[in-house]
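Below is one structure, written out as structure tokens; the observations come after it.
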Amino acid sequence: MIFRRFESVDTKTGYNNWSVNYDNEKNVLIELDKLNGFKRLQAIENHVVSRKMALDLCCGTGRHISLLEKYFDITTGIDFSYGMLEKAYNKIKKYSTKIICNDVLMCHFGHTKFDFINFSLALIHFSNLTEIISYIRSILNNNGLLFIADAERDFLLTGSMSQYHLKKKDANQLPNKKFFSGH
């Protein structure tokens with residue numbers, strides 16, 4: 001048996017390095033997230049009142065950008081990996097779509113609010129779930145919809161994936177951290 005030693009790098013460097021092959025490698029989480037595509041589409045079609053502005057948080061290589069562009073006048077993708085965003089930029093089809101390279105919690109939109117926020121496969125990168133959910137609430141329209149698709153924290157043991165979509169008016173009753181871990 002041959003063991004390879006890998007150098008440990010920070011998350012941002014890791015994603016910048018991974019961006020070269022990210023869309024071409026088999027990734028079980030990405031494959032599971034693709035299964036959520038229909039649920040994401042249903043959530044948009046059935047629950048989003050206004051279709052002006054969409055936000056893809058931690059958008060990576062932009063795998064959801066083209067779907068959001070079809071339904072919203074303005075789509076914005078945010079990620080902290082420049083390498084990933086280079087790939088996302090190549091997927092843009094509308095002039096009104098914006099890509100922002102920044103730490104999600106450092107992005108300030110002033111009075112801008114979003115009608116739909118997509119947040120896929122990124123919860124693991126936030127140690128304080130209350131902080132990220134509070135941030136999302138602050139930029140989501142009152143009738144806006146948050147769609148979260150993420151692996152269960154015990155994903156490797158259960159092989160399950162969770163999908164959540166909440167109207168902002170229900171956000172005051174957000175459950176505690178157990179909401180994001182196993183059922």
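The values are calculated or read from the model by the stated rules, or taken from the named source; none is laboratory data. These numbers were taken from a predicted model, which means no experiment stands behind them. For neighbour counting, all protein chains shown are included, and Cβ atoms are generated from backbone atoms with ideal geometry for every residue, glycine included. Heavy atoms of the whole protein, side chains included, go into the accessibility calculation; ligands, DNA and RNA do not. Shrake-Rupley method; radii C 1.70, N 1.55, O 1.52, S 1.80 Å.
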(message) Condition check: open to solvent by 10 Å² or more (accessible area, probe 1.4 Å) and at pLDDT below 80. Does S160 satisfy that?
(response) yes
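Report, by residue number, each residue of the stretch 106-144 that is among the aliphatic types (A, V, I, L, M) and under 13 Å from the mean Cα position of the chain (by Cα).
I117, L121, A122, L123, I124, I132, I133, I136
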(request) May I ask you to list the residues in the stretch 6-49 that are part of a loop (DSSP other than H, G, I, E, B), open to solvent by less than 50 Å² (accessible area, probe 1.4 Å) and out of contact with any helix residue (DSSP H, G or I) (no Cβ under 8 Å at 6 or more places or on another chain)? (result) N27, N36
(request) Out of the residues in the stretch 115-140 that are open to solvent by 10 Å² or more (accessible area, probe 1.4 Å) and hydroxyl-bearing (S, T, Y), state the one that is modelled with the lowest pLDDT. (result) S127
(request) Test each condition in (1) among the aromatic types (F, W, Y); (2) modelled with pLDDT under 80; (3) in contact with an Asp or Glu (Cβ under 7 Å, 6 or more places away or on another chain) for F80 and report the one that comes out false. (result) (2)
(request) May I ask you to list the residues in the stretch 141-157 that are at pLDDT below 80 and of a type in the set (F, W, Y)? (result) F155
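Would you please name the residue that is least open to solvent (accessible area, probe 1.4 Å), looking only at residues in the stretch 83-114 that are in contact (Cβ under 8 Å) with a residue 60 or more places away in the chain and farther than 22 Å from K34 by Cα?
Within the stretch 83-114, the first condition is being in contact (Cβ under 8 Å) with a residue 60 or more places away in the chain, and the residues that meet it are 83-84, 86-87, 113-114.
Going one step further and asking which of them are farther than 22 Å from K34 by Cα, we end up with 113-114.
Values: K113: 76, F114: 2 Å².
Out of the qualifying residues, it is F114.
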(message) Where the second residue is among the basic types (K, R) and surrounded by fewer than 20 Cβ atoms within 10 Å (Cβ to Cβ) and the first is over 24 Å from D73 (Cβ atoms) and lies in the stretch 116-144, which pairs have Cβ atoms under 9 Å and are six or more apart or on separate chains?
(response) L123/R153; I124/R153; L129/K177; T130/K177
(message) Among the residues of the stretch 53-82, what is the count of those that are open to solvent by 50 Å² or more (accessible area, probe 1.4 Å), outside any loop (DSSP other than H, G, I, E, B) and under 16 Å from D115 (Cα atoms)?
(response) 2
